[in-house]
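K.L.:
Please see the structure below; I have some questions.
The values are calculated or read from the model by the stated rules, or taken from the named source; none is laboratory data. These numbers come from a predicted model, not from an experiment. Cβ placement follows ideal geometry from the backbone for every residue including glycine, while neighbour counts extend to all protein chains displayed. The protein model used for the area step is the full one, side chains on, heavy atoms only, and it has no ligands, DNA or RNA in it. Shrake-Rupley method; radii C 1.70, N 1.55, O 1.52, S 1.80 Å.
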Amino acid sequence: MALIVQKYGGTSVGTVERIEAVADKVIETKKQGNQVVVVVSAMSGETDRLLSLAKDITSTPTPRELDVLLSTGEQTTIALLSMALEEKGHPAVSYTGGQVHIRTDNEHNKARIVDIEGAKVHKQLAEGKVVVIAGFQGIDEDGNITTLGRGGSDTTAVAMAAALKADECRIYTDVDGVYTADPRVVSDAQRLPRITYEEMLEMASLGSKVLQIRSVEFARKYNVNLRVLSSFEDGPGTLITDEDENMEAALISGIAHNKDEAKLTIVGVPDMPGIASQILGPIADANIEVDMIVQNVGLDNKTDFTFTVNRNDYEKTMAILKKTADAIGAKEVSGDNRIVKISVVGVGMRSHAGIANIMFKALADEGINIQMISTSEIKVSVVVAENYLELGVRTLHAAFGLENGAMSK
Ligand code: ADP
Ligand code: ASP
Ligand code: MG
């Protein structure tokens, strides 16, 4: 008997009919002789709806109270799915994150799972029940409800699979796998039959929201057998796996994009040791993550410093930067929150020069201006104006021939 963790995302549980269809899929898996743990998200749109209710009251909701509110979305779907299973004659039991001891740190709104106690779940499974667990939420040391950041149900599922030593973790969503680019942007994007943990980590961190990045980190760390599949149609999906010798390392496996970025620039900064830390220190102290950084010393020995942050942090960062500019005697501060980051990802890039150049030339041929560039061993990212998002992604997808699947060496 295998133990399988299945996770169903928001669209998959978006209506009562869909919840009933999920129940059928769960029952089918059980009938094949498996034990099944199901992790569900809130109904699609529900987390956004709850967020906007909070924002109607205050622009700065207390993080703790926001978590109490946001966690209710998943509490609804676990109850409904359990009812649907029972109604179809299959015993089921629903649990919130706290009830199955998904212990997290106390970073409200972006908490990290530190421990999961699997005993209760194993006991219910042994009694023949399907266990339905609320995604995206946990509980801190003091018993406060926490949430894991947007898309966090993926992480609940993988962490649960690791804690229970499940045989497989299946992420059911509204696409039938991981594609060479977001299929909503590129119509001829191709499903990847397999992708390495490392590439998936990179894709997720660069904006491919099909999996939350932390879920991939967990999967790699605990060697969870992870697959992304469609909840609407049967198929093999995409297996996330270690690199093995039978797998030809892809030169380019995909194009990722991230719309949640904003860029800030401080100009005419005196060039001296410690200046980067003076600029970025107060931003880090405010718990704002900085992504790309470009610094350039001009002929006048003054430095221009540009960096990107999450778009939600734009105003807050701008206020901090203005204060810093006054304090260090910088000339001016400017910003742009209508930018996007587009990235080309592939582990095979490590041993290949020239990828960046193909990328820059393809964008230039379309008249797309590159505002910032950053590279690592396995990716090249550029920042461009938001209105070039679709053209940029499609251009790069075509430039690397990804309509035929991942580009091999
Ligand atoms: P769920 O609610 O099931 O968690 P998400 O909306 O979080 O679903 O993730 C699935 C979505 O991820 C897809 O609908 C797709 O638009 C988007 N996506 C972005 N990049 C990719 C990619 N490379 N492959 C597949 N889907 C992607
Ligand atoms: N409901 C949460 C969200 O919308 C968590 C998830 O769907 O994974 O982000
Ligand atoms: Mg998701």
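K.L.:
Go ahead and set up a Gaussian network model of the chain, Cα springs under 10 Å, then flag whichever of VAL93, VAL39, VAL345 fluctuates most.
P.N.:
Largest GNM mean-square fluctuation: VAL93.
K.L.:
With a sphere of radius 13 Å drawn around the Cβ of ARG338, what net charge do the other residues whose Cβ falls strictly inside it have (Lys, Arg +1; Asp, Glu -1)?
P.N.:
The answer is 0.
K.L.:
Quick one: which residues, 5 or more positions from VAL130 or on another chain, have an amide H under 5 Å from its amide H? H modelled 1.01 Å from N in the peptide plane, none for Pro or chain starts.
P.N.:
ALA92, VAL93
K.L.:
Do the sum for the chain: with -39,500 (n - 2.57) for every DSSP H run of n ≥ 4, divided by all residues, what is the mean residue ellipticity at 222 nm, to the nearest 500 deg cm²/dmol?
P.N.:
Details: 12 runs with 138 residues, N = 409.
It lands at -10500 deg cm²/dmol.
K.L.:
If you fit an axis through the alpha-carbon atoms of helix 389-399 and take the longest principal axis of the Cα set of the chain, what angle between them do you get, 0 to 90°, nearest 10?
P.N.:
Taking the Cα atoms of the chain, the angle to 389-399 is about 90 degrees.
K.L.:
So for LYS25, LYS302, LYS55, LYS341, what's the accessible-area order with a 1.4 Å probe, most first?
P.N.:
Descending order: LYS55, LYS302, LYS25, LYS341.
K.L.:
Same structure again: Out of all DSSP beta bridges in region 165-283, what portion is antiparallel? Express it as a percent rounded to 5.
P.N.:
Values: 4 of 12 bridges.
Just about 35 percent of them are antiparallel.
K.L.:
While we're looking at this one, here's another question. Once both axes come from the Cα atoms, what is the angle between helix 314-328 and the longest principal axis of the chain, in degrees from 0 to 90, rounded to 10?
P.N.:
The answer is roughly 30 degrees.
K.L.:
Taking the alpha-carbon distance from LYS322 and a cut-off under 16 Å, which lysines remain once sequence neighbours fewer than 8 residues away in the same chain are dropped?
P.N.:
Answer for LYS322, where 16 Å is the Cα cut-off: LYS263, LYS331, listed by chain and number.
K.L.:
A 32 angstrom limit on the alpha carbon distance is what I want to check against. Which of LYS221/LYS316; LYS209/LYS316; LYS209/LYS302; LYS55/LYS209; LYS316/LYS341 exceed it?
P.N.:
Details: LYS221/LYS316 34 Å; LYS209/LYS316 25 Å; LYS209/LYS302 39 Å; LYS55/LYS209 24 Å; LYS316/LYS341 20 Å.
Where the Cα-Cα span goes over 32 Å, the pairs concerned are LYS221/LYS316; LYS209/LYS302.
K.L.:
Students often forget the sequence filter, so: which lysines lie under 19 Å Cα-Cα from LYS129 once same-chain residues fewer than 8 apart are removed?
P.N.:
Cross-link targets: LYS7, LYS25, LYS30, LYS31, LYS88, LYS120, LYS165.
K.L.:
May I ask you to give the percent of accessible area on the chain that is carbon plus sulfur, with a probe radius of 1.4 Å? Present the calculation step by step, with values, prior to reporting the outcome.
P.N.:
Working: 8670 of 18520 Å².
After summing per-atom areas, the C and S share lands at 47 percent.
K.L.:
If you don't mind, there's one more thing I want to ask. Please give the net charge around ASP271, taking every other residue with its beta carbon less than 12 angstrom from that of ASP271, where Lys and Arg add +1 and Asp and Glu add -1.
P.N.:
On the way: positive: LYS302; negative: ASP300, ASP304.
Here the count lands on -1.
K.L.:
If one takes the longest principal axis of the Cα atoms in the chain, at what angle in degrees, from 0 to 90 and to the nearest 10, does the Cα axis of helix 46-57 lie?
P.N.:
It is inclined by approximately 60 degrees.
K.L.:
Per q in 0.08, 0.14 Å⁻¹, report the Debye log10 I(q)/I(0) for the chain, using one uniform scatterer on each alpha carbon and no solvent.
P.N.:
Taking Cα atoms of the chain as identical point scatterers yields -0.48, -1.28.
K.L.:
Can you give me the accessible area per residue for the chain, using a 1.4 Å probe, in Å²? Write out the running numbers ahead of the final one.
P.N.:
On the way: 18520 Å² over 409 residues.
Value returned for the chain: 45 Å² of accessible area per residue.
K.L.:
Could you tell me how far the Cα centroid of region 314-360 sits from the Cα centroid of region 36-94, in Å?
P.N.:
35
K.L.:
Rank THR265, THR77, THR238 by mean-square fluctuation in a GNM of the chain with C-alpha springs under 10 angstrom and give only the top-ranked residue.
P.N.:
Most flexible of the set in this elastic network: THR265.
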